[in-house]
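Notes to accompany the following structure.
The values are calculated or read from the model by the stated rules, or taken from the named source; none is laboratory data. In this text, all values refer to a predicted model and were calculated from it rather than measured experimentally. Here the Cβ is made from the backbone with ideal geometry for all residues, glycine too, and neighbour counts use every protein chain on show.
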């Protein structure tokens, strides 16, 4: 009897800890979302460096403007063969592609979000500027030094079974995310370097490694400007074609 | 010779101990013996085609292709689609697999008024759950050649999961692991495995199965033949023990020197049992006639007498095998020749050491020396005597008969086919063969074809040629599916509203390329540096003639269209098979020529007459023509195993000629009468020859129970060759000798 009682007590304590953890996880993730997605708009130049397993590098550059979390225009400026190719992302997964050689735009859809974006190691899913809290259910695994370690479980079935995110305890930006496939094998890893620009934390560099292909993509953000007053009108097909 | 013989008898205890120790040593080595059925590795390291094939494998994420077939009533079913995903996911966990293509992960380019979509045919993380969704997929599959007849059969009753292996992986081990992982999955369809890596694994399993039961079976057959022939336990056990030890030494040596057991290497023990037992029988049988008095001295003397004939007999056989080392291009055949020769030599060594050493402890109970008199028996009464009478009465008829048979043989041999395709190695009804047939009839085959285009892969000229080439190869009746970057670019160009063709401007191609960048399929189609690309296809026939015609037509096109800016080359399994095929024919020619020359000189020297040497090879020469003729009529192709028959038959069968010639010379010198000498020769030597032919043939006929088709043919053909060369030695050779001596007189 005694032992049953004590077991019940332990169980209750465990459950309550789990609840506390869940709450903690949620609140941490919300704070992360606030840090990551608080600017009204942003413009920057993006340098994308693809590094293959033989350390061979290929660099692409693009200009990017973004408003809120669901409007984005991405226009490549180099190399010459790709200069001018542009993607316009609009709410509800609407995306347009412009190819200057054809002088035509086409609506483009990626019904399958786990596809890699233009030869990088980022999938369309990874690049989505959607709040973490809307995509994942968090669980606080541990606190380690100056970081929280969260286990994020996707709310919809996809390429990843879970994502382990390491988050800065004081500033709530992400240090590292590790992606696990459905066989619970780590397949990708992203390392973030955040810099403070004005009042916002900016992901100045993200290195995404595809562990299976041994291929890396380094995304460097430069000339970042926040809250310059971009309008909805800057994110239209007419603007894309210009 | 006497010195050597007395040395052997004197040191018999040391010899027996040494043989025992060596046998223990090699038995211990046997555990390291490995099976390797990968016969692409049989092409030499510097073979151009094989090397290019390896390079292609590294460049395009693996050339070796495996397939898992799902056969069911209807592929378009929620459960089946789930199963395909399950299999695809299971394959993903293997490090050695570099690409996987299945219904649930295949690329799909879609365009309509709404725009373009580059994605997957099925969203694997959001599998269809309703029949309406499934029907949509069915419609998409039926619209595109890329899917229909390539990944789903036209009748919708089968689908395949294709995978390629990394170049450096052990294919057989991986194939084993794959089966282990896939077999227990709860799949609601019949699951079959196909493609080269899976076939290699199956062949390896069959080699092991064969070795495990064919070797005991051959031993039992030999045991029965020996027991019936000699009615003595000693004369039965000792030869068997000798070939057993020779086999252990040979296989042990192979293991020690890190040579793998190949498909044909597996029959070495059977070959040794059939061939090597003859030497042992010779010694045992001779010793049986020794009296008890001065037994050891008699034994020494008879050993001294036997040494040379047994040595010569084994030497001709060794030469037959050695001819493969120098005459063959394929490593598998060279290795077979080397170890069969070594094994034969071991059998000879043991026959003149081990057997007399044991015999020295087993004196005979016989008191009188048996005379070499002609005793009446079924063999001499019903076969040899009538044969002799016929020979003497109608020598010219028999000679004409042989000439006619040979003309017929030559004509029939022109119909002989060749086969190197591994799928034909499996028996009808074997599950591997069944899946291969399904792959050929429903999915365009399992033999990958690669046509590489070297040059700026983004240039319109190159891509246009690539597209043209795809049309050309699709005209071949055995090609039904092709994949290339040119086809993807055409599709995207169409999606941009500019028609299903390669754009004229490079800028357009580069921008379309941007959309394909990073797609899994691209690694299989273009090189990393964009300086080359391939058309991937599959070929669905395993006939040499079809392969030859296909390669010829492609090469003609290549010659016309290859330029320094766009170098086109063909490779793939058909090319490898053709290379093997060519080398088979060359191997056959050169090893046979070498063996004939070897043996001719050997008999010439030993009989001190090259004329006799020439007559001596006649029966075996006729046998080889007959053999090829039989292969032509019976549609037995020249393959990796049957290519061995002619030289092996030569090595064994030549002994019959030596026997007849030396016996005739002996009696002719005694009597000076051709007819008398030949009569004695046929009745006395004839008996030994027929018994030997029967026992060797019986040993090889056991191979008919092999699980591997070429090995079955090998056994059958050697048996036929044995009868034919015995028959030749007893009819053709005596007639040549009689006519020759008569013309002299």
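Annotations for the structure displayed:
- Only residues that are outside any helix (DSSP H, G or I) and closer than 27 Å to residue B:31 by Cα were counted across segment B:222-280, and they come to 8.
- Selection of segment B:115-132 for residues being touching a strand residue (DSSP E or B) at 6+ places or on another chain (Cβ under 6 Å) and at the interface with another protein chain (Cβ under 9 Å from one of its Cβ atoms) yields B:115, B:116, B:117, B:118, B:119, B:120.
- Residue in segment B:431-439 that is under 30 Å from residue B:486 (Cα atoms) and in contact with a helix residue (DSSP H, G or I) (Cβ under 7 Å, 6 or more places away or on another chain) present: yes
- Here residue B:117 fits the description: over 36 Å from the mean Cα position of the chain (by Cα) and either in a strand (DSSP E or B) or without any contact (Cβ under 8 Å) to a residue 12 or more places away in the chain (or both).
- Residue within segment B:133-148 that is in contact with a strand residue (DSSP E or B) (Cβ under 6 Å, 6 or more places away or on another chain) and more than 14 Å from chain A (Cβ to nearest Cβ) present: yes
- Close contacts from segment B:486-510, counting a first residue that is more than 11 Å from chain A (Cβ to nearest Cβ) and modelled with pLDDT of 90 or more and a second that is crowded, with 21+ Cβ neighbours inside 10 Å and in a loop (DSSP other than H, G, I, E, B), with Cβ to Cβ under 7 Å and a gap of 6+ residues or different chains, come to B:486/B:502; B:489/B:502; B:490/B:502.
- Condition met for residue B:528 (within 9 Å of another protein chain (Cβ to nearest Cβ) and more than 45 Å from the chain's Cα centre (by Cα)): no
- Candidates A:150, A:140, A:88 - the one that is more than 8 Å from chain B (Cβ to nearest Cβ), part of a strand (DSSP E or B) and closer than 18 Å to residue A:64 by Cβ: A:88
- Of the residues making up segment B:504-556, those that are more than 28 Å from residue B:443 (Cβ to Cβ) and assigned to a loop (DSSP other than H, G, I, E, B) are B:504, B:505, B:517, B:528, B:529, B:530, B:531.
- In this entry, residue B:541 passes the filter for residues that are under 35 Å from the mean Cα position of the chain (by Cα), more than 8 Å from every other protein chain (Cβ to nearest Cβ) and surrounded by fewer than 23 Cβ atoms within 10 Å (Cβ to Cβ).
- Residue within segment B:666-683 that is buried (at least 24 other Cβ atoms within 10 Å of the Cβ) and not in a helix (DSSP H, G or I) present: no
- Flag if residue B:420 is part of a helix (DSSP H, G or I) and either touching a helix residue (DSSP H, G or I) at 6+ places or on another chain (Cβ under 7 Å) or away from chain A (no Cβ under 14 Å) (or both): no
- Residue in segment B:704-714 that is on the phi > 0 side of the Ramachandran plot and outside any helix (DSSP H, G or I) present: no
- Only listed residue being facing chain B (nearest Cβ under 10 Å) and either under 23 Å from residue A:194 (Cβ atoms) or at pLDDT 90 or above (or both), chosen from A:33, A:121, A:52: A:121
- Filtering segment B:76-102 to residues that are more than 25 Å from residue B:169 (Cβ to Cβ) and not in a helix (DSSP H, G or I) leaves B:76, B:77.
- Any hit, segment B:430-452, residues being assigned to a strand (DSSP E or B), in contact with a strand residue (DSSP E or B) (Cβ under 7 Å, 6 or more places away or on another chain), surrounded by fewer than 19 Cβ atoms within 10 Å (Cβ to Cβ) and in contact (Cβ under 8 Å) with a residue 60 or more places away in the chain: no
The rows are residues; the columns are (1) closer than 25 Å to residue B:471 by Cβ; (2) outside any helix (DSSP H, G or I); (3) within 35 Å of the chain's Cα centre (by Cα).
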site	(1), (2), (3)
B:127	no, yes, no
B:134	no, no, no
B:137	no, no, no
B:150	yes, yes, yes
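- Residue identified as modelled with pLDDT of 85 or more and within 24 Å of residue B:497 (Cβ to Cβ) among A:84, A:145: A:84
- Residue among A:99, A:95 that alone is at negative phi and more than 8 Å from every other protein chain (Cβ to nearest Cβ): A:95
- Residues (modelled with pLDDT under 85, in contact with a helix residue (DSSP H, G or I) (Cβ under 7 Å, 6 or more places away or on another chain) and assigned to a loop (DSSP other than H, G, I, E, B)) located in segment B:293-334: none
- Filtered residues of segment A:168-190 (kept if away from chain B (no Cβ under 14 Å), buried (at least 17 other Cβ atoms within 10 Å of the Cβ) and part of a loop (DSSP other than H, G, I, E, B)): A:172, A:173
- Boolean, residue B:58 is touching a residue at least 12 places away in the same chain (Cβ under 8 Å) and surrounded by fewer than 19 Cβ atoms within 10 Å (Cβ to Cβ): yes
- Scanning segment B:215-257 for residues that are without any contact (Cβ under 8 Å) to a residue 24 or more places away in the chain, assigned by TED's automatic domain parsing to the domain that holds residue B:344 and within 23 Å of the chain's Cα centre (by Cα) turns up just one, B:257.
- In segment B:76-97, residue surrounded by the most Cβ atoms within 10 Å (Cβ to Cβ) [restricted to those that are more than 13 Å from every other protein chain (Cβ to nearest Cβ) and touching a helix residue (DSSP H, G or I) at 6+ places or on another chain (Cβ under 8 Å)]: B:87
- Test result for residue A:159, in a strand (DSSP E or B) and either buried (at least 16 other Cβ atoms within 10 Å of the Cβ) or within 13 Å of the chain's Cα centre (by Cα) (or both): no
- Restricting segment A:191-201 to residues that are free of Cβ contacts under 8 Å to residues at least 40 places away in the same chain and assigned to a strand (DSSP E or B) leaves a set whose member that is farthest from the other protein chains (Cβ to nearest Cβ) is A:196.
- Counted residues, segment A:102-114 - those being more than 8 Å from chain B (Cβ to nearest Cβ) and either at pLDDT 85 or above or crowded, with 21+ Cβ neighbours inside 10 Å (or both): 2
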